[in-house]
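Okay, so here's the structure we're looking at.
The values are calculated or read from the model by the stated rules, or taken from the named source; none is laboratory data. Keep in mind that what you see is a predicted model, and the values were worked out from it rather than measured. Backbone-built Cβ (ideal geometry, glycine too); neighbour counts: all protein chains shown. Just the protein is used for accessible areas: all its heavy atoms, side chains included, with ligands, DNA and RNA removed. Shrake-Rupley method; radii C 1.70, N 1.55, O 1.52, S 1.80 Å.
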Amino acid sequence: MLAACGLESLDDLFAHLPPGVVLGRKLAIPEGLSELDLVREMASLAARNRHADDAVCFAGGGAYDHYVPAIVWALAGRSELYTSYTPYQPVLSQGLLQALFDYQSIVCELTSLEVSNASLYDGATALVEAVHMALAATRRTRVLVSEAVDPRYWAALRTYGRGAGYEPEPMHLGDGLTSTQQAVDDDVAAVVVQHPNVFGNLEPVRELFGAAAAAGARAIQVFDPLSLGVLAPPGEVGADIAVAEGQGLGNHLSYGGPYLGIVAARMADVRRMPGRIVGETTDVEGQPGYVLTLQAREQHIRREKATSNICTNQTLMAVAATVYLAWLGPEGLAELGRQCMAKARYAADRLGSASGARLAHPNAAFFKEFGVRTDRDAHDVQRELLGEGFLVGPVIGDAGGPLLLVSVTERRSREEIDGLAKAFEEVSSR
């Protein structure tokens with residue numbers, strides 16, 4: 001490059017820059033390392049963190065310690081699938097496009113809704129996009145959101161709402177559940193309910209969504225995909241749009257990401273759907289083929305009229321979710337759900353009777369997660385439980401004060417649950 005430019009050094013290449021913008025010294029970074037030394041250094045840095053397998057993981061709040069079968073990443077990690085992006089050239093990408101079409105089909109079957117996209121960034125941005133779909137569909141401006149929706153989702157809605165011209169309004173709680181007494185007026189665009197909610201409790205969604213439908217508002221459910229083997233799907237309980245965090249579908253905890261956002265809706269909203277949609281067609285020889293479809297909705301086609309500023313997805317995580325759900329199958333999904341429910345019920349009974357702890361919402365039904373109130377400061381209890389080898393939390397709060405979330409997946413054993421109850425009693429007595 002220097003020879004082609006008629007220059008002798010890199011300094012000559014940058015000689016035209018004004019002296020005021022030139023550093024004038026070497027960067028304060030260490031000398032390069034060999035691969036052996038670099039791996040040793042990175043391992044040392046990594047050892048400063050504790051990962052989920054260092055402790056018995058009862059943590060929840062949106063990211064869960066579900067088992068990831070070996071087949072998931074053996075397939076999702078293949079070179080022909082190992083990409084984070086949707087392909088533009090269908091002639092070169094039929095395998096990946098078919099995998100995404102299968103993903104969309106599985107999401108529709110799970111949710112009992114008619115259309116899904118090829119995934120979004122995460123659960124929070126999926127909810128934002130669902131609300132924007134509702135605003136566009138109804139041409140209204142008010143958005144009602146249950147106070148039992150994950151506070152991070154609330155934060156995302158507030159951030160996007162400032163630009164889009166709406167402020168999410170709270171639907172109040174009673175004993176860990178959304179009140180069915182709040183009026184849904186005819187200027188409401190969307191009613192947002194998380195079921196199971198942020199405390200793990202099962203909401204009266206049929207009543208809440210019935211009120212939304214009567215007012216002409218879109219009903220939006222934030223759901224747990226792995227609950228749908230035992231709970232009625234969003235489409236059956238009256239949801240018009242369903243969104244979820246897909247981390248539990250074959251994706252590891254991975255220190256918070258990358259995950260994937262799931263969105264599904266009724267066909268009436270297909271042209272308001274954000275992101276990529278893969279469609280099935282036939283080629284000139286009559287064979288099945290897969291392409292990106294309805295692209296006129298997207299930012300890269302008509303920026304000023306796009307339905308969303310998101311025109312990408314989380315392909316790799318969506319492929320992993322597809323492999324995971326295909327491996328699990330309908331019967332496996334139901335069995336996983338039953339195991340989570342039974343183990344969580346056993347854990348709630350054990351912790352509810354432990355000294356220094358009590359159930360936050362003893363009258364509420366739940367799926368795999370529940371809240372515990374502690375006599376001591378909840379953060380102190382959480383920290384000391386980790387010292388005993390049990391990861392719980394996060395600490396969240398409601399009108400009754402702070403509570404500690406406990407999540408029980410299919411990975412947990414009776415012995416581990418009994419150990420957690422014993423540790424709770426020991427920590428509470430200090």
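Of all residues in region 367-383, those satisfying the criterion of being within 21 Å of Ala63 (Cα to Cα) and either assigned to a helix (DSSP H, G or I) or in contact with a Gly (Cβ under 6 Å, 6 or more places away or on another chain) (or both) are Glu369, Phe370, Ala378, His379, Val381, Gln382, Arg383. Listed by first and then second residue, the pairs linking a residue in region 107-135 that is over 19 Å from Pro330 (Cβ atoms) and assigned to a helix (DSSP H, G or I) to a residue that is of a type in the set (Phe, Trp, Tyr) and open to solvent by 10 Å² or more (accessible area, probe 1.4 Å), with Cβ atoms under 6 Å apart and 6 or more places separating them unless they lie on different chains, are Ala124/Tyr153; Leu127/Tyr153; Val128/Tyr160.
For region 357-405, residues that are among the small types (Gly, Ala, Ser) and buried (at least 16 other Cβ atoms within 10 Å of the Cβ) total 6.
Here region 406-415 is the region considered, the condition is being open to solvent by 50 Å² or more (accessible area, probe 1.4 Å) and touching a residue at least 60 places away in the same chain (Cβ under 8 Å), and the residue that is farthest from Glu335 (Cα to Cα) is Arg414.
Every residue, every condition in (1) within 27 Å of Leu316 (Cβ to Cβ); (2) at pLDDT below 95; (3) aromatic (Phe, Trp, Tyr), yes or no:
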position	(1), (2), (3)
Leu2	no, yes, no
Ser9	no, yes, no
Gly24	no, yes, no
Gly32	no, yes, no
Ser44	no, no, no
His51	yes, yes, no
Ala63	yes, no, no
Ser84	yes, yes, no
Val91	yes, yes, no
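For region 136-169, a tally of residues being within 17 Å of Ala399 (Cβ to Cβ), open to solvent by 10 Å² or more (accessible area, probe 1.4 Å) and touching a Leu at 6+ places or on another chain (Cβ under 7 Å) returns 1. Only residues that are in a helix (DSSP H, G or I) and surrounded by fewer than 17 Cβ atoms within 10 Å (Cβ to Cβ) were counted across region 327-356, and they come to 13.
Which count do you get for residues in region 136-184 that are of a type outside the set (Val, Ile, Thr) and assigned to a loop (DSSP other than H, G, I, E, B)?
Filtering region 136-184 down to residues of a type outside the set (Val, Ile, Thr) leaves 136-137, 139-140, 142, 144, 146-148, 150-158, 160-177, 179, 181-183.
Then drop every residue that is not assigned to a loop (DSSP other than H, G, I, E, B), which leaves 139-140, 147-148, 150, 165-168, 172, 175-176, 179, 181-183.
Number satisfying all stated conditions: 16.
Selection over region 170-225 of residues that are open to solvent by 30 Å² or more (accessible area, probe 1.4 Å), closer than 23 Å to Arg373 by Cβ and of a type in the set (Gly, Ala, Ser) gives a count of 2.
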